[in-house]
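J.: Quick one: this structure, given as structure tokens, is what I'll be asking you about.
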């Protein structure tokens, strides 16, 4: 069993993605450096930025001193100059070589800076490496060679995308054949609608929708199947019937879900969502979108590991469209690579969603091109897996994107 301390997220350290000077200014303004330093610090954001949470004032002052000594820079709260030791965020700016030198120096310093050095080392390693493979009952699911594609199979009668199969097991088997022909890597089957405003169905109804379809799929194709549910009983029955992954929009917070995942030993997707599907689009608000999503994942990963889920079996999904505005969703895609700081595979599900419709002014059945654009950008910004409706088309998008980013062979 993994130890929560092994995750290395004590200060919630993450690499920042700041594609423009204005992005850097906004990020630095959040911790409140003195205004004259703002533009100068932001101009350095072309080097790698790292944000640390909850650094006490005295430690922040010493950290800044050491970062300046190696040629980098550090933005700290102005309260530090007033000898306020209250923990606050810190932003480091430097090259990889400067971080290496900084970590050596911090190993000799007091005030918890040796822990900061250890966290920085673990962070940069996680960020720079491809996540290790997931262990399925049937074998490995590797991210080393390509971006994986998960095909969406809705067994509901009311899917927002208009593709609900309404508990028709025969239709599920046919769609599974199409997904396999389109070279999907995994099938994601769900029987509870999660569209905005959706109501919850009974456990019995959810099982009636997904279990016969799951059996039909497994008899038809040799692809791993994920069960898309937030209910422990549904997950348990589906795993007994051969599901090999749990996809939980509620991030294992439901009663018994973490225990089911731990006992089954299957990989789990934990997704970020503000509110519930019924309420999530009722004026979603964030003070600091990416920080709040990142902190949520850090907390839920720690909780999952404490419940017995190996951290190596966790996938994170930022929840595109789940309790977010259009601007929130677009910022997630721009800064998606920051989630690679968690060291876990990143799953992105933009397929046919309303943000695409609003940007392009297109109905749900005309959002394939918009979906393709979001998938390509997601891959360029660090996504390891895409969850899509149009499998064959998005597999082509993924393969082309991979060829550009990884090389063609």
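J.: Restricting the stretch 114-148 to residues that are part of a strand (DSSP E or B) and touching a residue at least 40 places away in the same chain (Cβ under 8 Å), which is farthest from residue 246 (Cα to Cα)?
T.: So in the stretch 114-148, the residues part of a strand (DSSP E or B) come out as 134-136, 139-141, 148.
So of that shortlist, the ones also touching a residue at least 40 places away in the same chain (Cβ under 8 Å) come out as 134-136, 141, 148.
Numbers: 134: 12, 135: 13, 136: 11, 141: 14, 148: 16 Å.
This residue is 148.
J.: Okay, moving on. Condition (residue is within 23 Å of the chain's Cα centre (by Cα), surrounded by 14 or more Cβ atoms within 10 Å (Cβ to Cβ) and assigned to a loop (DSSP other than H, G, I, E, B)) applied to the stretch 94-113: is it met by at least one residue? Reasoning before the result, please.
T.: Here is the first cut: in the stretch 94-113, the ones within 23 Å of the chain's Cα centre (by Cα) are none.
No, there is no match, as no residue in the stretch 94-113 is within 23 Å of the chain's Cα centre (by Cα), surrounded by 14 or more Cβ atoms within 10 Å (Cβ to Cβ) and assigned to a loop (DSSP other than H, G, I, E, B).
J.: Every residue in the stretch 287-296 that is part of a helix (DSSP H, G or I) and closer than 20 Å to residue 18 by Cβ, please. Full working, then the answer.
T.: Here is the first cut: in the stretch 287-296, the residues part of a helix (DSSP H, G or I) are 289-296.
289, 290, 291, 292, 293, 294, 295 - these are the residues of the stretch 287-296 that are part of a helix (DSSP H, G or I) and closer than 20 Å to residue 18 by Cβ.
J.: Now for a different question. May I ask you to verify whether residue 150 is surrounded by 20 or more Cβ atoms within 10 Å (Cβ to Cβ) and out of contact with any helix residue (DSSP H, G or I) (no Cβ under 8 Å at 6 or more places or on another chain)?
T.: Details: surrounded by 20 or more Cβ atoms within 10 Å (Cβ to Cβ): yes; out of contact with any helix residue (DSSP H, G or I) (no Cβ under 8 Å at 6 or more places or on another chain): yes.
Yes, satisfied.
J.: Still on this structure, I have one more. What is the one condition in (1) assigned to a helix (DSSP H, G or I); (2) touching a residue at least 24 places away in the same chain (Cβ under 8 Å); (3) within 26 Å of residue 141 (Cβ to Cβ) that residue 358 does not satisfy?
T.: (3)
J.: Another question, then. What tally of residues in the stretch 31-56 results from selecting those that are at pLDDT 75 or above and touching a strand residue (DSSP E or B) at 6+ places or on another chain (Cβ under 7 Å)?
T.: Pass one, the stretch 31-56, residues at pLDDT 75 or above: 31, 47-56.
Pick out the ones that are also touching a strand residue (DSSP E or B) at 6+ places or on another chain (Cβ under 7 Å) and you get 31, 47-53, 55.
Counting residues in the stretch 31-56 that are at pLDDT 75 or above and touching a strand residue (DSSP E or B) at 6+ places or on another chain (Cβ under 7 Å) gives 9.
J.: OK, next. Within the stretch 241-255, take every residue that is assigned to a loop (DSSP other than H, G, I, E, B) and free of Cβ contacts under 8 Å to residues at least 24 places away in the same chain and give me the one that is farthest from residue 214 (Cα to Cα). Outline the logic, then answer.
T.: So the first thing to find is which residues in the stretch 241-255 are assigned to a loop (DSSP other than H, G, I, E, B), and the list is 241-244, 249-255.
Narrowing the set further to residues that are free of Cβ contacts under 8 Å to residues at least 24 places away in the same chain leaves 250, 255.
Values: 250: 21, 255: 23 Å.
Filtering first and then ranking leaves 255.
J.: Here's something else I'd like to know. Only one residue in 184, 171 is at pLDDT 95 or above and under 30 Å from residue 146 (Cα atoms). Which one? Write out each step before concluding.
T.: On the way: 171 fails: at pLDDT 95 or above.
Only one candidate passes the filter, namely 184.
J.: Give the residues of the stretch 186-214 that are in contact (Cβ under 8 Å) with a residue 60 or more places away in the chain and more than 29 Å from residue 325 (Cα to Cα), sorted by residue number.
T.: Answer for the stretch 186-214, where residues must be in contact (Cβ under 8 Å) with a residue 60 or more places away in the chain and more than 29 Å from residue 325 (Cα to Cα): just 213.
J.: Let me ask you something else. Please work out which residue is surrounded by the fewest Cβ atoms within 10 Å (Cβ to Cβ), limiting yourself to the stretch 215-228 and to residues that are without any contact (Cβ under 8 Å) to a residue 60 or more places away in the chain and farther than 20 Å from residue 135 by Cα.
T.: 219
J.: Filter the stretch 357-370 down to the residues that are surrounded by 15 or more Cβ atoms within 10 Å (Cβ to Cβ) and closer than 15 Å to residue 390 by Cα and list them by number. Quick ask: steps written out before the conclusion?
T.: Taking the stretch 357-370 as the starting set, the residues that turn out to be surrounded by 15 or more Cβ atoms within 10 Å (Cβ to Cβ) are 357, 359, 362, 364, 367-368, 370.
Answer for the stretch 357-370, where residues must be surrounded by 15 or more Cβ atoms within 10 Å (Cβ to Cβ) and closer than 15 Å to residue 390 by Cα: 364, 367, 368, 370.
J.: Within the stretch 136-147, can one find any residue that is assigned by TED's automatic domain parsing to the domain that holds residue 400, in contact with a helix residue (DSSP H, G or I) (Cβ under 9 Å, 6 or more places away or on another chain), under 30 Å from residue 200 (Cα atoms) and buried (at least 20 other Cβ atoms within 10 Å of the Cβ)?
T.: no
J.: Please work out which residue is nearest to the chain's Cα centre (by Cα), limiting yourself to the stretch 256-268 and to residues that are part of a helix (DSSP H, G or I) and surrounded by fewer than 19 Cβ atoms within 10 Å (Cβ to Cβ).
T.: Start the filter on the stretch 256-268 by keeping residues that are part of a helix (DSSP H, G or I), which leaves 257-264.
Right, trim to surrounded by fewer than 19 Cβ atoms within 10 Å (Cβ to Cβ) and you get 259, 263.
Details: 259: 21, 263: 23 Å.
Once the filter is applied, the top-ranked residue is 259.
J.: When you go through 377, 388 one by one, which is the residue that is buried (at least 22 other Cβ atoms within 10 Å of the Cβ), in contact with a helix residue (DSSP H, G or I) (Cβ under 6 Å, 6 or more places away or on another chain) and in the same structural domain as residue 300 (by TED's automatic domain parsing)? Full working, then the answer.
T.: Values: 377 fails: buried (at least 22 other Cβ atoms within 10 Å of the Cβ).
Selected residue: 388, the only one of 377, 388 that is buried (at least 22 other Cβ atoms within 10 Å of the Cβ), in contact with a helix residue (DSSP H, G or I) (Cβ under 6 Å, 6 or more places away or on another chain) and in the same structural domain as residue 300 (by TED's automatic domain parsing).
J.: Which of the residues belonging to the stretch 312-336 are surrounded by fewer than 19 Cβ atoms within 10 Å (Cβ to Cβ) and in a helix (DSSP H, G or I)? Break it down into steps so the answer makes sense when it comes.
T.: Start the filter on the stretch 312-336 by keeping residues that are surrounded by fewer than 19 Cβ atoms within 10 Å (Cβ to Cβ), which leaves 312, 325-327, 330-331, 334.
Within the stretch 312-336, 312, 326, 327, 330, 331, 334 qualify.
J.: Among the residues of the stretch 167-206, which ones are assigned to a loop (DSSP other than H, G, I, E, B), touching a strand residue (DSSP E or B) at 6+ places or on another chain (Cβ under 7 Å) and within 17 Å of residue 352 (Cβ to Cβ)? Spell out how you get there, then give the answer.
T.: Kept after step one, since they are assigned to a loop (DSSP other than H, G, I, E, B), are these residues of the stretch 167-206: 167-168, 182-185, 191-202.
Within this subset, residues satisfying the condition of being touching a strand residue (DSSP E or B) at 6+ places or on another chain (Cβ under 7 Å) are 184-185.
Within the stretch 167-206, 184 is the sole residue that qualifies.
The values are calculated or read from the model by the stated rules, or taken from the named source; none is laboratory data. On a predicted model such as this, the values are computed, not experimentally measured, just so you know. All Cβ positions, glycine included, derive from the backbone under ideal geometry; neighbour counts span all protein chains shown.
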